[in-house]
Amino acid sequence: VLARGIPLDNADDEVRRAQLAAMGLLELDAIVAPLRPDWVMRVPEGLDAAAVSESDLGVLVLGEPPFGPEMSLAAASELARANAGSNAWTVAGARTASGRPILANDPHLGIGGFGPRHVVHLSAPGLDVIGAGAPGLPGIMQGHTDRFAFGRTNFHIDQLDLFILELHPDDPEQYRHARGWKRFERVEIAIPVRNGTAHRATLRYSVQGAVVSHDPARRRATAVASIGMQPGAAGAFAMIAINLATDWKSLRGAFRLHPSPTNFHYADVEGNTGWQVIGYMPMRKRGDGLLPVPGDGRYDWTGTHDFAALPGEYNPAKGWFASANQNNLPANWPRDRIPAFSFREPYRYQRIATVLSDQPHHTLADSVALQHDTLSMPAQRVLALLPLAPSDGAKRAVALLHGWDARIDSGSAAAALFEMLWRELGRRMLAAIVPERAKPLVTSIASSVLLDLLAYPDARLGADPEPARDRVFDAALTAAWITAVAQLGPDPAAWRWGKLHEVSIQHPLSRIPAIAAAFPPIAGEGSGGDTNTVMARWVGRGSWRTGGGASYLQVIDVGGWDNSLMLNLPGQSGDPRSAHYSDQYAPWIEGTMQPMLFSRGAVDVHAIRRVTLHPR
């Protein structure tokens, strides 16, 4: 079933910020979600921050599907926002061993249900494209044509705003707008219910967008302005135009049709490489989109910008370009045209940049190795800060971590201990710096904030911050060791990160008891990596299991198409009866890439079955 709706996006972030502002603690939001680039948040004029609550989100939360039966909506939403992203890099021929460009891409999505990607080769007059798409949607999202390769990562344009509407005291079907009162547009619908009475509902729309909460008792409603609900915002169809393009110039015409915020990577058979941010960016009368705003007209959207107002680069001088959802706005980017503040932590990008800068003769094997790189830059920083005189309870943890290479490998005992230490450090640092009344709102700490507090303890830890930091660190080391013993046994030599970081895939239909046996789980192996490694394998807040990551990977030899490689977890089919339902699970665990054959000759030689569909 394919449905179109408004995702929660950053709406709950807006609510949280308003609630913190009402406490006079808006600065604490930087613990959860530091703004990139730096920015000073202000409460919008006319907003009663104290009146904002989760109820203002209304039915908006219903658009957020949980990742699995064991994960709550809140946990799934937090996991997705903390991790959602991808890696991509394009290396020009001048920096490859073959002299041809290489384009690598691994989009990150939740892992736990059936595979979110399907690899296909579409060939027709004027169309020859191979790569990964979403089942049921047209076109290829990342892959290559016979002329160019392409990949993508999320750019995180802020495409959703919450508007708080004041209802008329005598008529809840009117709301204040532009010094007067406007009537909601109403649409009555009937939703058929099998063997029951149709469900009837009233949909309301303000000038800003869909009304998701309507509370006459409080004379209050919430409307959502969202790019995703505007005409022409069905981004999947923009894939067709991209797949039909022949070069960078024709692609730019296709970009105008693409609403979703994306770092688009490009490399062609002529040796050209490019990067362009594409997607629609709201034009706001005023405000920055970070908090809810009054719906009286002062903060309305006046239109949208397309890719022409966003950054890009063609044939970059350094010979490579990478994106990993980091803040890649140019340093001199106009302050009045910042499209987003929710860029992800920089650690994956920093590692990618270090490796690519040191490889003047990059190969396909180098890209494969980089996609499976488990070096943790946060772990490196934590290792450098280990106490020189730990307490008796922390000594064993410090001894095991000393000499570790900071790689989050599946078979590593130190990696398992580090992950437990990292969680303990975050939990204890939050408890130390967040006032009690704000703790229900400030429930997580960004990796960069935690690392900075460990390295440079400040007044948030009290009048004597360094000893306070040392106490947090020592207690976390002690607790991490106790947790490791409880979960992995008393012998550290037997500890393995992969024992905890298991990769388990359950078909959504397995939740139905009557047919669950027909959909057995795909499981049995663990993975290395974590949230901050290039080999992205998300770690949730509760379970240690792999909650998401790079389920599809591609490494493309531009012009030497048959040398290209891919992986698609857990397989090509969503039917457990198929041999291809789980046949890429083991290769994915092992990091063994599969051929991505393209030429007719290579496909014919390796074909094992041919299916011909005859129209009737």
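Which entries in LYS395/LYS499; LYS285/LYS318; LYS249/LYS318 show an alpha-carbon gap greater than 30 Å?
LYS285/LYS318
What Kirkwood hydrodynamic radius, in Å, does the range 378-500 give when the mean of 1/r is taken over all pairs of distinct Cα atoms and then inverted?
Kirkwood hydrodynamic radius for the range 378-500: 14.9 Å.
For the range 190-207, in order, what is each residue's ³J(HN,Hα) by Karplus, 6.51 cos²θ - 1.76 cosθ + 1.60 with θ = phi - 60°, in whole Hz (x at glycine and Pro)?
Residue by residue, the range 190-207 yields 10, 9, x, 10, 4, 6, x, 7, 4, 8, 9, 8, 10, 9, 10, 9, 9, 5 Hz.
Which is farthest toward the positive dipole end of the chain among TYR314, LEU137, VAL603, measuring Cα position about the Cα centre, with Cβ charges +1 (Lys, Arg) and -1 (Asp, Glu)?
In the chain, that residue is LEU137.
Under 1.5 on a/c is rounded, so check that first for the range 189-265, then, if it is not, pick prolate when a/b is larger than b/c and oblate when it is not; a ≥ b ≥ c are the square roots of the alpha carbon gyration tensor eigenvalues.
It comes out oblate by the Cα gyration axes.
Before anything else, pin down the relative contact order of the range 245-402: Cα pairs under 8 Å, at least 6 apart, normalised by residue count, whole percent. Walk me through the intermediate numbers first.
Details: 146 pairs, mean separation 23.0, N = 158.
Result for the range 245-402 is 15 percent.
Give the shape of the range 569-610 as rounded, prolate or oblate, defined through the alpha-carbon gyration tensor: a ≥ b ≥ c are the square roots of its eigenvalues, a/c under 1.5 means rounded, and otherwise the shape is prolate if a/b is larger than b/c and oblate if not.
oblate
Considering all alpha-carbon pairs of the range 149-190, what whole percent are spaced by more than 12 angstrom? Walk me through the numbers before you get to the answer.
On the way: 633 of 861 pairs.
Above the 12 Å cut-off, the range 149-190 has 74 percent of its Cα pairs.
Per residue, how big is the convex hull around the C-alpha atoms of the chain? Give it to me in cubic angstrom, could you?
It is 188 Å³ per residue.
Report the net charge of residues surrounding THR302, where surrounding means a beta-carbon distance below 10 angstrom and charges are Lys +1, Arg +1, Asp -1, Glu -1.
+1
What does the charge add up to near THR96, with Lys and Arg as +1, Asp and Glu as -1, over the other residues with Cβ less than 10 Å from its Cβ?
Value of the local net charge: 0.
Which percent of Cα pairs goes in each bin when the distances of the range 81-188 are cut into 10 angstrom slices starting at zero?
Spelled out bin by bin, the range 81-188 gives 11, 25, 21, 15, 15, 10, 3, 0 percent.
Quick check: residue separation of ARG200 and ARG42 times 0.36 nm, minus the Cα distance between them. What number comes out in nm?
Between ARG200 and ARG42, full extension yields an extra 52.8 nm.
Cβ under 11 Å from TYR347's Cβ, TYR347 left aside: what net charge do those residues give with Lys, Arg +1 and Asp, Glu -1?
+2
Sorting check: for 141-149, 96-104, 334-342, which peptide has the highest mean count of neighbouring beta carbons within 10 Å, and how do the rest follow?
Top to bottom by mean Cβ count within 10 Å: 141-149, 96-104, 334-342.
Going by average Cβ density within 10 Å per residue, which order do the peptides 608-616, 537-545 take, highest to lowest? Mind dumping the intermediate values first?
Numbers: 608-616: 4.1, 537-545: 20.0.
Answer by packing, highest mean first, reads 537-545, 608-616.
Could you give the size of the charge dipole of the range 378-500 about its Cα centre, using +1 on the Cβ of each K and R and -1 on the Cβ of each D and E, expressed in debye and rounded to the nearest 20? Can you show the working numbers first?
On the way: 14 positive and 13 negative charges, 63 e Å.
Dipole about the Cα centre, nearest 20: 300 debye.
Over the range 489-602, what is the relative contact order in percent, taking alpha-carbon pairs closer than 8 angstrom and at least six residues apart? Provide the component values of the computation, followed by the final result.
Numbers: 184 pairs, mean separation 20.7, N = 114.
Rounded, it is 18 percent for the range 489-602.
Take every Cα pair under 8 Å in the chain that's 6+ residues apart, average their separations, divide by the length, and report that relative contact order as a whole percent.
Answer for the chain is 17 percent.
Quick one, could you list the DSSP H helices from the chain stretching 24 Å or more along their long axis (Cα atoms) with average Kyte-Doolittle hydropathy of 0.0 or above?
413-433, 465-488
Only the coordinates and a few stated rules stand behind these numbers; no lab work does. Note that the structure is a prediction, hence the values are computed from the model and not measured. Cβ atoms come from the backbone with ideal geometry, glycine included; neighbour counts cover every protein chain shown.
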